[in-house]
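Okay, so here's the structure we're looking at.
The values are calculated or read from the model by the stated rules, or taken from the named source; none is laboratory data. All of these numbers come straight from a predicted model, not from anything done at the bench. Methodologically, a virtual Cβ is constructed for each residue, glycine included, from the backbone with ideal geometry; neighbour enumeration extends over all protein chains shown. Ligands, DNA and RNA are stripped out before the accessible areas are found, and what is left, the full protein with its side chains, is counted by its heavy atoms. Shrake-Rupley method; radii C 1.70, N 1.55, O 1.52, S 1.80 Å.
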Amino acid sequence: MSRLSSPAEWVAPLTPIISLLLLPLGPLLFPRVYVVILFVYFTGFLYQQVNHVCKFYLSSVKIKQNIDKWNALNRNDKTEDDKQKIAKAVRSPYVNLEDGQISEPLIQEVPQYIHTFVIPNYGEPEALLKDTISKLAVHRNASTNYVIILAMEASESGWEQKGDRLRDYFEGRFHGFIITGHPVGIPGEYRGKGSNVNYAVRNGCAEMLRQGYDRRQIILTIIDSDAAIPELYIIEVENALNKSDDPYYTICAPPIFFSRNCNEVPACVRMADITWAAMVMSNLSNSDGLCVPCSNYSLSFILAERVGYWDVDADAIGEDMHMWLKCFFKTDGHARTAPIYVPINLTNVQVDGYMANVNARYVQAKRHFQGVADLGYTLRHMITSYKNRKNQKGLLDCHMATAGFYDKLSACCVILEAHMIPASSGWLMFAAVPLMQLMLFPPFPWMAITSPSNNPLLTSDGFYKLWTVVKMITIFLPFPLFGTLAIYEQLHRYIDREFYHKPATRTWKNCKDYASLPIAAWLFLTWPSTIACVKRLVSGDDAYVVGAKIFKEEEEGKERLS
């Protein structure tokens, strides 16, 4: 119970508890105040959702623009003027993102950094890891500017042999290939992606420094074991770092995308991942570089070293968000995000059997929302920042610009929204108005808990009108989501067709998937977020469970490099 000694830790568990208590107690004990609460909450929620639609649209436009530039760069019909503009660039092969085949020429400048890909994994199919690394191996500069750090878990049986086989398979394809084995039972450490990444970066980069690499050139890219990283992502990372005022304090965050096995999982799983991907894409268009990376991201080794690498306790289980917050607060707000509008293709959680697959996605959702611990972390740092707002310099030199208190407050609002809205909106949006209507305006007289003459809303014309407005607002609450999904459908087809050059994995027949949206919202969003928040009241931590994935090894031959 020691974590509850901080007031910041009470915010997360109290949010769903108060939301649930308001449903029956609001109409009974303080209906007028309750109507005002609902009006403020629903109005704010509707504004927020409309804002997200606009940001998602902006992100989708920028993603298409990058894809169009990529396709134009690889056309063979360039004029002499075009060639003169890129006279200082070098010629290289173009990589088809889906099958790894080399085809048309690509003209692109030589990278300035050593891109070090950290691939944490535990019990993943060897064929899946081979596929993920293959998609990096076919990049033009893999042999000169890429280093792989394969972050294995020592608790996995045969991890050394597995790592050696992969290193031998890709011999000569990368500038370096380092294997780390994260030991079991390190005191004070919680098993998960963050602790594995922390061990891999500390030990892998130490080995790189011993081999003579310049720490200022090392850019760490943390990727999931199933992430298909396109070459365009690295090009855009290079561009973002070159344009940044301080590349060493820039975190690059791409959108996520699910197109690899989406038609092989239940509709509710597809919808859960679609809405998750849409939220991440919308988040990228946040202002002032205050967008949180999800699953895959890049940062300099200088920054990771400066902030003390990744935290390894149970409160850092949401490794991507937590590391972003740590970088932001430990540098006094100097570290910011550069959005990289290049989709990273991931696999949906998949196991054999319909209900087993739904359960696997639920387990993954529970793990995702354990990241609610970051809310307490953020609030504690906000309190400290407020107290020290006049003289705080963080870890930076005194001549370097830092963020104002209001920038930190904006970052805090981003985290509050990410964790508090899922734990409250599902209950209030779906149940608040129907339950209050039933209790105060029952369809049958025998169900009435108060007479019309004593009904607090009927006896006040102003509150009755406000109640009517609240009911009208609830009608419009789903519309921003419909707009988001309409944009996403078009974007998904565009990415499949123009970027991956394959038939669309979603067609208009997939519109029937939307029937499962209420199930997906409640089962993979509202319920796991509520459980995660309430569990902050008790000591002990859940075990970290890796998302189950199936990889068809017969597809491996398409990626084989000879």
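What the table below lists for this structure:
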{"read-out": "Relative contact order computed over region 395-526 (Cα-Cα under 8 Å; 6+ residues apart), in percent", "value": "25"}
{"read-out": "(1) 163; (2) 180; (3) 153, with the label sought being that of the calculated volume of the Cα convex hull per residue in Å³", "value": "(2)"}
{"read-out": "Surface accessible to a 1.4 Å probe, Phe45 within the full protein complex, Å²", "value": "20"}
{"read-out": "Tyr297 accessible area, assembled protein chains, probe 1.4 Å, Å²", "value": "0"}
{"read-out": "Angle between the chain longest axis and helix 373-387 axis [Cα atoms, degrees, rounded to 10]", "value": "90"}
{"read-out": "Pair Ser5, Ala127: separation of 7 Å Cα→Cβ label points (nm)", "value": "5.2"}
{"read-out": "Accessible-area value, Lys135, 1.4 Å probe, nucleic acids and ligands omitted, Å²", "value": "20"}
{"read-out": "Top positive-direction residue, dipole computed over the chain with Cβ charges, set Gly426, Phe328, Ile179", "value": "Gly426"}
{"read-out": "Length-normalised contact order of the chain in % [C-alpha pairs under 8 Å, at least 6 apart]", "value": "23"}
{"read-out": "Stretchable slack from Tyr406 to Asn388, in nm (0.36 nm times residue separation minus alpha-carbon distance)", "value": "5.1 nm"}
{"read-out": "Distance (nanometres) between label positions extended 7 Å along Cα→Cβ at Val61 and Glu264", "value": "3.7"}
{"read-out": "Estimated FRET transfer efficiency when R0 is 35 angstrom, pair Gln48-Ala356 (beta carbons, to 0.05)", "value": "0.50"}
{"read-out": "Ranked packing of 50-58, 310-318, most packed first, by mean Cβ within 10 Å", "value": "310-318, 50-58"}
{"read-out": "Pairs beyond 22 Å (Cα-Cα), from Lys69/Lys243; Lys130/Lys366; Lys55/Lys135; Lys330/Lys535; Lys64/Lys509", "value": "Lys130/Lys366; Lys55/Lys135; Lys330/Lys535; Lys64/Lys509"}
{"read-out": "Label point at Ala448 placed 7 Å out along Cα→Cβ; residues across region 459-478 whose backbone nitrogen lies under 20 Å", "value": "459-465, 467-468"}
{"read-out": "Length-normalised contact order for region 102-254 - Cα pairs under 8 Å, 6+ apart - percent", "value": "34"}
{"read-out": "At R0 = 22 Å, FRET efficiency that the Cβ-Cβ distance of Arg493 and Asn239 yields, to 0.05", "value": "0.25"}
{"read-out": "Acute angle (nearest 10 degrees) that the helix 126-137 long axis makes with the longest principal axis of the chain, alpha-carbon atoms", "value": "70"}
{"read-out": "Total formal charge among the other residues, if their Cβ is under 13 angstrom from that of Cys511, Lys/Arg +1 and Asp/Glu -1", "value": "+3"}
{"read-out": "Probe 1.4 Å, protein heavy atoms only - accessible area per residue of the chain in square angstrom", "value": "43"}
{"read-out": "Angle between the chain longest axis and helix 11-29 axis [Cα atoms, degrees, rounded to 10]", "value": "20"}
{"read-out": "Apportionment of accessible area to carbon and sulfur, region 155-242, percent (1.4 Å)", "value": "43"}
{"read-out": "Centroid-to-centroid separation of region 235-262 and region 397-474 [C-alpha atoms, Å]", "value": "37"}
{"read-out": "Extended-chain gain in nm, criterion 0.36 nm per residue less alpha-carbon gap, Thr468 and Tyr514", "value": "13.7 nm"}
